[in-house]
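Here is the structure we will look at, set down as structure tokens.
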Amino acid sequence: MPLKRRPSRKRPPRNRIGCKRGHRQTRLLQPERQMPLPAIRGKNVHLFLDFDGTLAPIVRSPENARLPDSVKKVLNRLARAPGFQVTVVSGRSLRDIQKRVGIRGMTYGGNHGLEISGPGFRYAPPLPRAYHRALACLRPVLNRALRPFPGAILEDKDLTLSVHYRRLAPGLVPSFKRTLKSAVSLWRDRGAVALRTGKKVLEIRPPISWGKGDAVLWLLNRNSLPEDIPVYIGDDRTDEDAFAALRGKGITIRVGRSPRSAARYRLNGPGAVEQFLKNLPAMQGAAHE
Ligand SMILES: [Mg+2]
């Protein structure tokens, strides 16, 4: 009897077009051409935007990322336009993202939505006490463990820790990952912390299932009507949470070259996002005049 090949545990399930389950082929939006988004016309738009790689270009050192002046101008205009609610949801700390964007009257989600702040409100889902204790122990442990890896940067984001390795010599990456995972394993194995990967970053975060998708749904639940439309734009794996949460509820746009995502649409890069944001009020129409 022929042996059946066992499915690999590492590989996520794929569907017929070779995408991860729940993922599909995105449709490329070309903002310089006519935009095929009639769903926006006449609606109240809840706009959710990631920061790095979406509004601001990715740079080698995350502390150097900045919002281009032209994008800030567009955001400012949208934040004040009737019929638009603008939220920036980032993996950065709330403090950091508020400072980097620097526009008042908008809503911000830091640490992938673990801390949310908007005009007149703040929210943070409760975190286990063991997590805070683990984080306090891990800070010095990671500082020591990272010494042999010049170019790896530990970013303390208050509620989470990120280790960026974009500037690490490629030959050191495998041993860096092994070292970091073993440094975290004591707390990870006890379920006190979770480890997540992003674009050239490893993140130590709470072991709760709360991501950008939950934050977006929480905000919509707080302040939207059934006829409103959410629009979410992001470039990273953490944004896939939000794309999945908004399936069938709004417009989801993945930024970057990868054509496969839980998002419905795709924009090529931050330049195309800027152009898209400029076009939004015209797409939405004169609904609120
Ligand atoms: Mg990003």
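The values are calculated or read from the model by the stated rules, or taken from the named source; none is laboratory data. Owing to the predicted nature of the structure, the values given are computational and were not obtained by experimental measurement. Neighbour counts run over all protein chains shown; Cβ positions are idealised from the backbone, glycine included.
The table below gives the values:
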read-out: Condition check for Pro207: part of a loop (DSSP other than H, G, I, E, B), over 14 Å from the mean Cα position of the chain (by Cα) and crowded, with 16+ Cβ neighbours inside 10 Å; value: yes
read-out: Residue in region 242-257 that is surrounded by the most Cβ atoms within 10 Å (Cβ to Cβ), counting only those that are in contact (Cβ under 8 Å) with a residue 60 or more places away in the chain and within 14 Å of the ligand (Cβ to nearest atom); value: Ala242
read-out: Filter result for Leu154 (part of a loop (DSSP other than H, G, I, E, B), aliphatic (A, V, I, L, M) and without any contact (Cβ under 8 Å) to a residue 60 or more places away in the chain); value: no
read-out: Within region 258-276, considering residues that are surrounded by fewer than 24 Cβ atoms within 10 Å (Cβ to Cβ) and in contact with a helix residue (DSSP H, G or I) (Cβ under 7 Å, 6 or more places away or on another chain), the one farthest from Leu47 (Cα to Cα); value: Ala262
read-out: Any chance Leu135 is closer than 23 Å to Leu186 by Cα, under 18 Å from the mean Cα position of the chain (by Cα) and hydrophobic (A, V, I, L, M, F, W, C); value: no
read-out: Enumeration of residues in region 65-90 that are more than 16 Å from the ligand (Cβ to nearest atom) and among the hydroxyl-bearing types (Ser, Thr, Tyr); value: Ser70
read-out: Those residues of region 142-195 which are over 25 Å from the mean Cα position of the chain (by Cα), among the hydroxyl-bearing types (Ser, Thr, Tyr) and surrounded by 15 or more Cβ atoms within 10 Å (Cβ to Cβ), in sequence order; value: Thr179
read-out: Unique match (being part of a helix (DSSP H, G or I) and either touching a Lys or Arg at 6+ places or on another chain (Cβ under 9 Å) or within 20 Å of Ala145 (Cα to Cα) (or both)) among Ala242, Ala215, Ala192; value: Ala242
read-out: Residues of region 47-64 satisfying the condition of being of a type outside the set (D, E, K, R) and within 10 Å of the ligand (Cβ to nearest atom); value: Leu49, Phe51, Gly53, Thr54, Leu55, Ala56, Ile58
read-out: Which listed residue is closer than 17 Å to Asp158 by Cβ and touching a Leu at 6+ places or on another chain (Cβ under 9 Å), from Val216, Val193, Val201; value: Val193
read-out: Search result, residues across region 263-286 that are under 15 Å from Pro230 (Cα atoms) and outside any helix (DSSP H, G or I); value: Ala263, Arg264, Tyr265
read-out: Cβ pairs under 6 Å, 6+ apart, first in region 48-71 and surrounded by 18 or more Cβ atoms within 10 Å (Cβ to Cβ), second in a loop (DSSP other than H, G, I, E, B) and among the polar types (S, T, N, Q); value: Phe51/Ser90
read-out: Cross-chain or 6+ apart pairs with Cβ under 6 Å, region 76-94 first and surrounded by fewer than 22 Cβ atoms within 10 Å (Cβ to Cβ) and hydrophobic (A, V, I, L, M, F, W, C), then in a helix (DSSP H, G or I) and at pLDDT 95 or above; value: Phe84/Leu78
read-out: Residue count, region 178-214 (criterion: of a type in the set (Lys, Arg) and in contact with a helix residue (DSSP H, G or I) (Cβ under 7 Å, 6 or more places away or on another chain)); value: 1
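For every residue, the table says whether it meets (1) away from the ligand (no atom under 16 Å from the Cβ); (2) assigned by TED's automatic domain parsing to the domain that holds Asp50; (3) not acidic (Asp, Glu).
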position	(1), (2), (3)
Arg178	yes, no, yes
Arg188	yes, no, yes
Ala215	no, yes, yes
Asn221	yes, yes, yes
Pro226	yes, yes, yes
Gly234	no, yes, yes
Leu267	no, yes, yes
Lys278	yes, yes, yes
